[in-house]
Amino acid sequence: MKSTQYQAREPDKRGVIHYPEGEHQVWNTLITRQLKVIEGRACQEYVDGIEQLNLPHERIPQLAEINQVLNASTGWNVARVPALIPFQTFFELLASKQFPVATFIRSPQELDYLQEPDIFHEVFGHCPLLTNPWFAEFTHTYGKLGLNASKEQRVYLARLYWLTIEFGLVDTSQGRRIYGGGILSSPKETLYCLTDAPEQLLFDPIEAMRTPYRIDILQPLYFVLPNLKRLFELAHQDIMAMVQQAMTMGLHAPKFAPKAA
């Protein structure tokens, strides 16, 4: 695990987290800006989830508010975690239908890009689609598989997660749209991913598992689902057999330069 400058905020005895006013202002800046950017670019299932969550604009939401909506729609909850958690904890949470949310928000100096997943990324980027049964089922299955996977298998599963849940695109009757939370919480990537600059390939889970990525750049390649239900169908296929096949075939050459030392 890498170190982080951020520290998750603790709730009081009533379970309420008290954020300074400056952090509420950061949330307001992020959500008002990003809601405009994703218009006409996010998939309808995500938009439906945003409407269900009815996130406040003037303040950071409390996790109990998110849980009320998620639990009623798909039986999921969010779980308060520190800034960074081990793979094992991550899989344990997903396997129990709990989505990890770090209770800190980025500083004004890192408004546009943050390597650590903060509460804006998790709540705005991912929670809307957890109201969707297809997305929720895939995420739950992914967690259960990860719990029993070896360290090497988890690396291949991580690539699948990165290129679907974090940075996935989907074809719709309205055109190509975004469902990946890593994109939807980033103004720059939201605008970039649907242009002709990056490569876009039809989704293939084995190919996704074989595709290296970097977390600190705009993605050079996105995989495109034919529809969001494809994730539900994948959840009921033998994903671990696909992992073994991807491991046997090996990785593709990276489509990016190595990170500077």
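The values are calculated or read from the model by the stated rules, or taken from the named source; none is laboratory data. All values derive from a computational prediction rather than experimental measurement. In this analysis, Cβ positions are derived from the backbone assuming ideal geometry, glycine residues included, and neighbour counts consider all displayed protein chains.
A few notes on this one:
- Hey, residue 195 part of a loop (DSSP other than H, G, I, E, B), surrounded by fewer than 22 Cβ atoms within 10 Å (Cβ to Cβ), at pLDDT 95 or above and not aliphatic (A, V, I, L, M) or not: yes
- Test: residue 250 is of a type in the set (Gly, Ala, Ser), in contact (Cβ under 8 Å) with a residue 24 or more places away in the chain and surrounded by fewer than 18 Cβ atoms within 10 Å (Cβ to Cβ): yes
- Note on the range 98-142: residues that are surrounded by 20 or more Cβ atoms within 10 Å (Cβ to Cβ), farther than 20 Å from residue 41 by Cβ and in contact with a Ser or Thr (Cβ under 8 Å, 6 or more places away or on another chain) amount to 4.
- Pairs meeting the criteria (first residue in the range 194-222 and without any contact (Cβ under 8 Å) to a residue 24 or more places away in the chain, second residue of a type in the set (Val, Ile, Thr), beta carbons under 8 Å, at least 6 apart or on different chains) are 201/224.
- Every condition in (1) touching a residue at least 60 places away in the same chain (Cβ under 8 Å); (2) closer than 27 Å to residue 228 by Cα is met by residue 106 except one, and the failing one is (2).
- Residue that is assigned to a loop (DSSP other than H, G, I, E, B) and either of a type outside the set (Asp, Glu) or closer than 24 Å to residue 133 by Cα (or both), where the choices are 200, 244, 237: 237
- Where residue 216 falls short, out of the listed (1) out of contact with any helix residue (DSSP H, G or I) (no Cβ under 8 Å at 6 or more places or on another chain); (2) not β-branched (Val, Ile, Thr); (3) not in a loop (DSSP other than H, G, I, E, B): (3)
- All conditions but one from (1) part of a loop (DSSP other than H, G, I, E, B); (2) hydrophobic (A, V, I, L, M, F, W, C); (3) in contact with a strand residue (DSSP E or B) (Cβ under 8 Å, 6 or more places away or on another chain); (4) surrounded by 19 or more Cβ atoms within 10 Å (Cβ to Cβ) apply to residue 83; the one that does not is (4).
- Close contacts from the range 58-79, counting a first residue that is on the phi > 0 side of the Ramachandran plot and a second that is basic (Lys, Arg) and surrounded by 14 or more Cβ atoms within 10 Å (Cβ to Cβ), with Cβ to Cβ under 9 Å and a gap of 6+ residues or different chains, come to 75/97.
- Candidates 194, 202, 221, filtered to the one that is under 22 Å from residue 34 (Cβ atoms), of a type in the set (A, V, I, L, M, F, W, C) and more than 16 Å from the chain's Cα centre (by Cα): 194
- In summary, residue 159 fulfils each of the numbered conditions (1) among the basic types (Lys, Arg); (2) closer than 26 Å to residue 64 by Cβ; (3) under 15 Å from the mean Cα position of the chain (by Cα) with the single exception of condition (2).
- Verdict on residue 107 being among the polar types (S, T, N, Q), in contact with a His (Cβ under 6 Å, 6 or more places away or on another chain) and closer than 30 Å to residue 58 by Cβ: no
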